[in-house]
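The values are calculated or read from the model by the stated rules, or taken from the named source; none is laboratory data. If you're wondering where the values come from, they're calculated on a predicted model, not measured in any experiment. As a convention, Cβ positions derive from the backbone with ideal geometry for all residues, glycine included, and neighbour counts pool all protein chains shown. With ligands, DNA and RNA removed, areas are computed over all heavy atoms of the protein, side chains included. Shrake-Rupley method; radii C 1.70, N 1.55, O 1.52, S 1.80 Å.
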Amino acid sequence: MFAVSLGEDGAELGPLEPWHAGELLAHIDRGREYIGQYTGLADVVTDPESSRAYLVSYAEKAAADTGRIYGIRLGGGLVGGVLFRTFDVRHGTAEAGCWLEPSAVGRGLVTRAARVIIDWAVEERGIHRVEWRVAVGNTASIGVARRLGMTREGVLRQDYPRGGERFDTEIWSVLAPEWRAGRAAR
């Protein structure tokens, strides 16, 4: 398996594959309540079978070139991830997302990992628009969108059902020319 360095702290980014199902489940179990605040991942990955099925679904997306999933590792252990929930080369659009367990919060891991995958999508795959959808109250993820140079485009009211309630979702995005200009300024 390949891994991309995310910096001097030893953090790495690499693909999550079906054979990582046990590791993914253990990671979700460590941070289930925290991860589940704003994502449905904690509801989807609940046992070995569902963990494997989730990763198989992303392996199928990768094979079809419609999505990707990557794990963030720190000290050799899985602590979070970034993904392309959708990936459409023909239309030049993708939706990126993330999750992180509490032990890894506040280190800039998601921002660094998202930069790697967005740069790849824009420069290698020709993606023109990358979206970031985030629950209105998820200030950490909104901060990532800002650090990535994304623009807040609006709010989808009561867009996301979770736990018997409906939540608003902010839409953030960055366009390829903006991404390149922001990268040149870093």
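Miscellaneous remarks
- Read-out log10 I(q)/I(0) by the Debye sum over Cα atoms at q = 0.08, 0.10, 0.12, 0.18 Å⁻¹, derived from the coordinates shown; its label in (1) -0.32, -0.49, -0.69, -1.31; (2) -0.38, -0.52, -0.66, -1.11; (3) -0.23, -0.37, -0.55, -1.34: (3)
- Solvent-accessible area assigned to carbon and sulfur over the chain amounts to 52 percent, based on a 1.4 Å probe.
- Per-residue SASA remark: residue 168, around 60 Å² accessible (1.4 Å probe; ligands, DNA and RNA not included).
- Measuring nothing but how far apart in sequence close Cα pairs (under 8 Å, 6+ apart) lie, relative to its length, the range 15-71 scores a relative contact order of 44 percent.
- Helix screen, the chain: no DSSP H segment has Cα axial length of 27 Å or more and mean Kyte-Doolittle hydropathy at least 1.6.
- In the range 49-102, the inverse of the mean reciprocal separation of distinct Cα atoms equals 12.0 Å; this is its Kirkwood hydrodynamic radius.
- Length-normalised contact order of the range 1-47 in % [C-alpha pairs under 8 Å, at least 6 apart]: 23 percent
- Working from Cα pairs under 8 Å separated by at least six residues, relative contact order for the range 111-186 is 34 percent.
- Beta bridges per DSSP with both ends in the range 1-133, % antiparallel, nearest 5: 85 percent
- Top positive-direction residue, dipole computed over the chain with Cβ charges, set 114, 160, 67: 114
- Global form of the range 1-76, assessed from the alpha-carbon gyration tensor, a/c cut-off 1.5: oblate
- When 50, 5 are compared by accessible area of protein heavy atoms, the largest-first order is 5, 50, using a 1.4 Å probe.
- Prolate is the label for the range 114-186, because a/c, from the alpha-carbon gyration tensor with a ≥ b ≥ c as root eigenvalues, is 1.5 or above and a/b exceeds b/c.
- In the chain the longest region clear of GluC sites (Glu not before Pro) that are loop-assigned by DSSP and have at most 12 other C-beta atoms within 10 Å covers 9-123.
- Placing unit charges on the Cβ atoms only, positive for Lys and Arg and negative for Asp and Glu, gives the range 60-186 a dipole magnitude near 340 debye about its Cα centre.
- Here the gap between residue 88 and residue 168, fully extended at 0.36 nm per residue and compared with their Cα-Cα distance, gives a gain of 26.3 nm.
- Accessible area expressed per residue, the chain, with surrounding protein chains retained (probe 1.4 Å, Å²): 50 Å²
- In Å², nearest 10: area of residue 134 left accessible to a 1.4 Å probe: 0 Å²
- Point-to-point label distance, residue 9-residue 120, nm (Cα→Cβ direction, 7 Å offset): 2.1 nm
- Solvent exposure ordering (accessible area, 1.4 Å, most first) of 2, 87, 167: 2, 167, 87
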